[in-house]
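Trainee: Can you read through this structure? Questions will come right after.
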Amino acid sequence: MKKLFILFLAFYVNHALADGDPSLEDLLDTGLLNPSRNVDASTASKFSQRIQKAPSAVRVLSHDDIAEYGYRTLGEILRSLPGLDTSYDYVNTFLGARGVAIPGDYNTRVLILIDGIRLNNNVFDSALVGNEFPLDVDLIDRVEYAAGPGSAIYGNNAFFGVVNILTRGASSLRGTEASLEYGSFNTHKLRASVAKRLDNGAEYLLSASQFYRGGPSTTAYMDYSVVAPDFKGSAAIDDEINNNIFAKFSIGGLQLTGVFSNREKGNPVLMNFTNDQLLIMNGKSVASSQHAFVGMSYEFSLFNDWNFQTRLNYHEEEYQGSNPFYFDPTSMFIAKEDAIGRWWDGEFQVVNNRLEGHKILLGVEGRLNVEQSWRSYIEGWDSQVNRQQSSQRFAAFTQDEISINDQLTFIAGARLDYTEFGSNVNPRLGLIWNPQDKTNFKLLYGSAFRNPNFFEQTQNEANFFHVANAEKINTIELAAEHYFSPSTKFNSSLYHYRMSDLIGQANYETGLVYLNLEEIKSIGWETELEQRFKNGLQAKLAYSLQRTTIAGHEVFNSPRHMLNFKFSVPLFDSHWKLASELRYLSGREIFFGHLDPQWLGDMSLNGELNKNFSISLTAHNIGDVSYREATRIANYDSFSAKQDGRDIRLKLNVRY
């Protein structure tokens, strides 16, 4: 790989010397000298507005940011933001937010959208952020994260925040692209995409990709287990394969979006035997999932001050789990799990600014759950848990953005949700002060809720345990943004959360159940400092201090300190950049143990050999640090899972 890189580098230098003045396309690809001030985002309020006016501390990451730092999954993108972290249990990647990171809750407390389409499903309420995410990160144009409760606009799941992934179009992809990745752990990825803008103004984008990971030759569990005497086959089972298809078509205010993804994840079968010895047994655990949706949205205006938007989406999601287990070293049984979700959701909203000093949002939303089913059984046995249902939810919401004067804006909103658990009302209040162009303050209050999902209900009913109550949260936050100079940006947030009836997991007499916890409080401070220099060097330092407690004790898997430092610097010219990210998480208490502090570093080298051929070399966990992440159950030898070491990948990208 080293010789190949040197060859590419020499080829680049030869072409760079022959290049003339930069073209318009080159200038469009050149990064900004200063942090952008007037950035628009639509996630916080469901309509486009300057982030200084948004009733949330909004963070935005662009396609260039994602490529520059070599982010490979949505989880890697999000964990670079203040207050967010991830954990991985060899099957799924879980997202933690502002001190609450419960492995195994399937990311139910952060709402994730693709082009405004709700992704959280109707069985587990999940929207996973690792390789399970149904969209290739190369197709992301930008990621918007609105921190804090969003139930006043979005309803269920918008508990700790809302993430909206906006996809690329013809202006960004510019024709046809193909990419090839190869790297550590026998990993490779292929992608082919085509996008075009037609003479009548219509645009389309089609893309297909496949990701494969064979797994390390010596996986984590080999460190503390032995092969059973009668084992047959290969012990290195930690493989994964994903297939993704994405399509988008737009003309005027109409947009059609389609996504299909299929994933299969394999893991070993282990057994605790004599003398606490962990044995690698015959068999293979497989988790398979499919997700597909088709969405339509249409935007139009009337009388210049009435803007309408309507959406209609159809989703299908299926999950199958096959998990061999042993009562003794000679008797293998297979536990099966199946889940199916099919649903429609739709929305109609209008934004009106006819009244002077007011920007009013009105909307209605509904979801029709055509099918919600979950089944669990042991192959060959008669006993099983099998539950199916259909349900529906409806909501109405409103928000008014009131300009008191040039410096002061007041925001008031609320949403009423009708669900199978009754009604929920969630308000939002915000006071935004811009004393000068370079300074912004926000005082925000909000509440949110999350109903127990279908899986949590089913688990409790199968174990003859009462269904948990809905979770609720009340928050207050003070956010500030200031430009010390055009090239130096500072922002900070101070928040206090009070959560009641948060749903947690417990082992009951007959199995896993979900119950309401005592009141949880979280107080925290997040801050970012961004600096851009004239020579093209960019640096950003983010720090989060958080303390999340239940009955006076810090909650499970909650780091007190999180730090993220990243920088990028041009090497030869603006077409070649070296970028690096350093992350720190303080030690955390977990079930029956403790996780040590983590210092992890990533590095990425990106360059263009010519206008149509680019290359990147990324190294994650460049220091080959040995570390662990929390899991919800005893995973092999503890309630934690050892993570991968150094992971290097080479990526080639061609466009024409």
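Just so you know, all these numbers are worked out from the coordinates, no wet-lab data involved. None of the values given here were measured: they were computed from a predicted structure. FYI the Cβ positions are ideal-geometry reconstructions off the backbone, even for glycines, and counts take in every protein chain you see.
Trainee: Extension gain THR398-VAL425, at 0.36 nm per residue separation less the Cα-Cα distance, in nm?
Mentor: Numbers: separation 27, 0.36 × 27 = 9.72 nm, distance 1.16 nm.
That works out to 8.6 nm of additional length.
Trainee: Given Cα pairs under 8 Å that are at least 6 residues apart, what percent is the relative contact order of region 536-651? Could the numbers behind the result be given before it?
Mentor: On the way: 250 pairs, mean separation 20.7, N = 116.
Once divided by the residue count of region 536-651, the mean separation gives 18 percent.
Trainee: Continuing with this model, one more query. Scan region 462-500 for chymotrypsin sites (Phe, Trp or Tyr not before Pro) in coil per DSSP, keeping those whose Cβ has at most 14 other Cβ atoms within 10 Å, and list them by number.
Mentor: Details: sites: PHE464, PHE465, TYR483, PHE484, PHE490, TYR495, TYR497; in loops: PHE464, PHE465.
Counting only loop positions with at most 14 other Cβ atoms within 10 Å, the chymotrypsin sites (Phe, Trp or Tyr not before Pro) in region 462-500 are PHE464.
Trainee: For the chain, what does -39500 (n - 2.57) per DSSP helix run (n ≥ 4), summed and divided by total residues, give at 222 nm, in deg cm²/dmol to the nearest 500? Could you put the intermediate results ahead of the total?
Mentor: Values: 7 runs with 51 residues, N = 656.
Mean residue ellipticity, 222 nm, calculated: -2000 deg cm²/dmol.
Trainee: What is the order of LEU529, LEU270, fewest Cβ neighbours within 10 Å to most? Intermediate values should be presented prior to the final figure.
Mentor: Details: LEU529 16, LEU270 21.
Placing the least packed residue first, the sequence is LEU529, LEU270.
Trainee: Report, to two decimal places, the Cα Rg of region 160-305 normalised by 2.2 N^0.38 Å (N = number of residues). List each step's numbers first, then the result.
Mentor: Details: Rg = 22.8 Å, N = 146, 2.2 N^0.38 = 14.6 Å.
Ratio of Cα Rg to 2.2 N^0.38 Å: 1.56.
Trainee: Now for a different question. What FRET efficiency, computed as 1/(1 + (r/R0)^6) with R0 = 45 Å and r the Cβ-Cβ distance, is obtained for ASP624 and LEU256, rounded to the nearest 0.05?
Mentor: On the way: r = 45 Å, r/R0 = 1.01.
FRET efficiency, ASP624 to LEU256: 0.50.
Trainee: What is the calculated FRET efficiency for ASN353 to ALA539, with r their C-beta to C-beta distance and R₀ = 41 Å, to the nearest 0.05? It would help to have the intermediate numbers written out before the result.
Mentor: Numbers: r = 39 Å, r/R0 = 0.95.
The pair ASN353/ALA539 has a calculated efficiency of 0.60.
Trainee: Treating the beta-carbon of each Lys and Arg as +1 and of each Asp and Glu as -1, no other charges, what is the dipole magnitude of the chain about its Cα centre, to the nearest 20 debye?
Mentor: Values: 60 positive and 76 negative charges, 217 e Å.
In total the dipole reaches around 1040 debye.
Trainee: What is the spin-label model distance, in nm, from GLN210 to ASN38 if the labels are put 7 Å beyond Cα along the C-beta direction?
Mentor: 4.7 nm
Trainee: Suppose a student asked you for the relative contact order of region 339-480, using Cα pairs under 8 Å spaced at least 6 residues apart; what percent would you report? Write down the numbers at each step before the final one.
Mentor: Numbers: 302 pairs, mean separation 22.4, N = 142.
Relative contact order for region 339-480 comes out at 16 percent.
Trainee: List the lysines whose Cα lies under 20 Å from the Cα of LYS284, skipping any in the same chain that are fewer than 8 positions away.
Mentor: Counting by Cα, and skipping residues close in sequence, LYS284 has these lysines nearby: LYS232, LYS265, LYS336, LYS642.
Trainee: Trypsin sites (Lys or Arg not before Pro), restricted to region 269-369: which are DSSP loop and have at most 11 other Cβ atoms within 10 Å? The partial results should precede the final answer.
Mentor: On the way: sites: LYS284, ARG311, LYS336, ARG342, ARG354, LYS359, ARG367; in loops: ARG354.
Within region 269-369, the qualifying trypsin sites (Lys or Arg not before Pro) (loop, at most 11 other Cβ atoms within 10 Å) are ARG354.
Trainee: Another question, then. Once the convex hull of the C-alpha atoms of region 283-333 is built, how many Å³ does it hold per residue, rounded to a whole number?
Mentor: Details: hull volume 4.3 nm³, N = 51.
In region 283-333, the Cα hull volume divided by residue count equals 85 Å³.
Trainee: Could you tell me the largest-minus-smallest coordinate of the C-alpha atoms of region 114-229 on each of the three principal axes, in descending order and whole angstroms?
Mentor: 68, 41, 23
Trainee: Leaving out same-chain residues fewer than 8 places away, which aspartates and glutamates sit with a Cα under 12 Å from that of LYS566?
Mentor: Cα-Cα hits under 12 Å: ASP65, GLU68, GLU528, GLU530, GLU581, ASP602.
Trainee: Go through region 326-427 and name the chymotrypsin sites (Phe, Trp or Tyr not before Pro) that are in a DSSP coil and have 15 or fewer other Cβ atoms within 10 Å of their Cβ. Before the final figure, lay out the partial values.
Mentor: Numbers: sites: TYR326, PHE327, PHE333, TRP343, TRP344, PHE348, TRP374, TYR377, TRP381, PHE394, PHE397, PHE410, TYR418, PHE421; in loops: TRP381, PHE421.
Answer in residue order: TRP381.
Trainee: Still on this structure, I have one more. For a quick size check, give me the Cα extents of region 236-320 along its three principal axes, largest first, whole Å.
Mentor: Result for region 236-320: principal-axis Cα extents of 78, 22, 16 Å.
Trainee: Of all the stretches in the chain, which is the longest one without any exposed loop site, taking GluC sites (Glu not before Pro) in a DSSP loop (any state but H, G, I, E, B) with at most 15 other Cβ atoms within 10 Å? Spell out each step's value before the answer.
Mentor: Details: sites that count: GLU356, GLU379, GLU420, GLU509, GLU518, GLU519.
Of all site-free stretches, the longest is 1-355.
Trainee: Please compute the net charge surrounding VAL513, taking Lys and Arg as +1 and Asp and Glu as -1 over other residues with Cβ under 10 Å from its Cβ.
Mentor: Numbers: positive: none; negative: GLU456, GLU461, GLU509.
That sum, taken over residues with Cβ under 10 Å, equals -3.
Trainee: Let me ask something additional. Between region 283-338 and region 510-577, how many Å separate their Cα centres?
Mentor: Value for the Cα centre distance between the two parts: 28 Å.
Trainee: Report the residues of region 176-207 in range of a label on VAL654: point 7 Å along Cα→C-beta, backbone N strictly under 11 Å from it.
Mentor: Those under the cut-off are 177-180.
Trainee: Taking only the alpha-carbon atoms of region 279-410, what semi-axes of the equivalent ellipsoid follow from 5 times the gyration tensor eigenvalues under a square root, in whole Å, largest first? Don't skip to the answer; put the middle values down first.
Mentor: Details: eigenvalues 526, 55, 32 Å².
Semi-axes, largest first: 51, 17, 13 Å.
Trainee: Only Cα pairs under 8 Å and at least 6 apart count here; give the relative contact order of the chain as a rounded whole percent. Numbers along the way, then the final one.
Mentor: On the way: 1754 pairs, mean separation 78.5, N = 656.
About 12 percent, as a whole number.
Trainee: Can you pull the one-decimal nm distance between simple spin-label points at MET332 and ASN463, each 7 Å off the Cα toward Cβ?
Mentor: About 2.8 nm separates the two model spin labels.
Trainee: While we're on this one: Measure out, as a whole number of angstrom, how far apart the alpha-carbon centroids of region 584-656 and region 248-267 sit.
Mentor: Answer, in whole Å: 27.
Trainee: Something else about it: Past the 36 angstrom mark, what percentage of all C-alpha to C-alpha distances in the chain do you count? Intermediate results must be reported in sequence, preceding the final value.
Mentor: Details: 85949 of 214840 pairs.
For the chain, the share of Cα pairs beyond 36 Å comes to 40 percent.
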